[in-house]
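Worksheet: the structure to be examined is printed underneath.
The values are calculated or read from the model by the stated rules, or taken from the named source; none is laboratory data. Model, not experiment: these values are computed from the prediction. Cβ sites come from the backbone with ideal geometry, for glycine too, and all protein chains shown count toward neighbours. Note: areas computed on protein heavy atoms with side chains; ligands, DNA, RNA excluded. Shrake-Rupley method; radii C 1.70, N 1.55, O 1.52, S 1.80 Å.
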Amino acid sequence: MVFLILLAAGLASGIVGALIGLGGGVILVPALLFLSSSVSLFPDLSPQQIVGLSVVMMIFTGLSSTIAYMKVGTVDYRSGFIFFLGSAPGTVVGAYVNRSLDVPSFQLYFGLLLVCLSLLLLLRDRLKAVSWFVDNGTRRSFYDRKTDQEYIYGYPIWFALALTFFIGFASGLFGIGGGSILVPAMILLFLFPPHVAVGTSMLMVFLSAIVNSITHVSLGNVPWIYTLAIIPSAYIGAKLGARLNRNIQSETLVVVLRIALLLFGLRSIYEGIFSS
């Protein structure tokens with residue numbers, strides 16, 4: 001029964017993560033926190049083990065979806081590697097800080113992050129794009145053959161490195177992919193075309209997850225029996241999500257995700273405050 005639940009959680013995380021560029025961890029971590037604390041049949045995993053499981057899973061969801069986006073030409077490799085250079089050291093720092101968090105503290109801080117992400121997704125379509133970063137940074141271009149439209153986007157490299165260091169820190173600390181923060185920033189601040197933002201985000205998620213996983217494995221945070229069970233379904237889910245990204249509008253899923261993240265976040269905050 002436990003492994004069936006893990007398979008379902010991995011599939012859902014892979015689909016949602018690849019569809020809107022989140023990486024999957026932002027779905028898997030709160031789901032496993034809930035199952036571990038509320039379902040008696042489910043193993044009692046520590047926050048460190050859940051984060052370790054999540055970051056290893058993201059290697060495979062990131063690889064699967066990145067390959068799919070590479071095939072359709074919506075990955076900006078140069079930007080992806082620049083973002084990785086910023087996020088990689090951040091994941092290492094976050095992983096070591098994670099060791100000092102007990103369950104209530106992790107629940108509280110992670111809940112606050114989920115609420116912030118929910119609000120970011122809620123306000124994303126209402127916020128106006130900012131052209132300053134393009135005007136004062138390195139410019140890039142992308143030609144969309146489907147719409148016969150050329151997009152101009154860009155960013156100051158120093159700002160991109162600083163932003164992705166923070167994103168990497170959150171990824172190492174909480175086991176999320178970072179795309180939930182990076183994709184809105186790429187669209188609103190750097191003016192990336194949405195599909196290129198998602199594809200490039202998944203490349204960064206994949207590369208950062210390798211560094212993140214090495215760190216968490218060295219710290220003994222990975223429950224391998226459960227991790228190996230979840231990887232196949234997460235990989236398949238990521239392929240499905242990347243395919244759906246090209247064929248459907250993901251706005252309906254984003255609405256559901258906003259509500260789910262808000263509810264998970266509020267519950268996590270409640271658990272963090274009243275279980276301490």
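A few remarks follow.
- Pick from region 98-107, criterion more than 19 Å from the chain's Cα centre (by Cα) and modelled with pLDDT of 85 or more, ranking: most open to solvent (accessible area, probe 1.4 Å): 99
- Which numbered condition residue 128 misses (of (1) in a helix (DSSP H, G or I); (2) surrounded by fewer than 18 Cβ atoms within 10 Å (Cβ to Cβ)): (1)
- Here residue 239 meets each of (1) open to solvent by 30 Å² or more (accessible area, probe 1.4 Å); (2) closer than 13 Å to residue 65 by Cα; (3) at pLDDT 90 or above with one exception, condition (3).
- Close pairs (8 angstrom Cβ cut-off, 6 or more residues apart or separate chains): at pLDDT 90 or above in region 212-227, charged (D, E, K, R) and open to solvent by 10 Å² or more (accessible area, probe 1.4 Å) anywhere: 219/99
- Residue match in region 81-88 (condition: of a type in the set (Gly, Ala, Ser), open to solvent by 10 Å² or more (accessible area, probe 1.4 Å) and not in a helix (DSSP H, G or I)): no
- Of all residues in region 68-80, those satisfying the criterion of being open to solvent by 60 Å² or more (accessible area, probe 1.4 Å) and either part of a helix (DSSP H, G or I) or among the small types (Gly, Ala, Ser) (or both) are 70, 71, 77, 78.
- Residue 44 falls short on exactly one of the conditions (1) open to solvent by 10 Å² or more (accessible area, probe 1.4 Å); (2) closer than 23 Å to residue 111 by Cα; (3) not in a loop (DSSP other than H, G, I, E, B), and that condition is (3).
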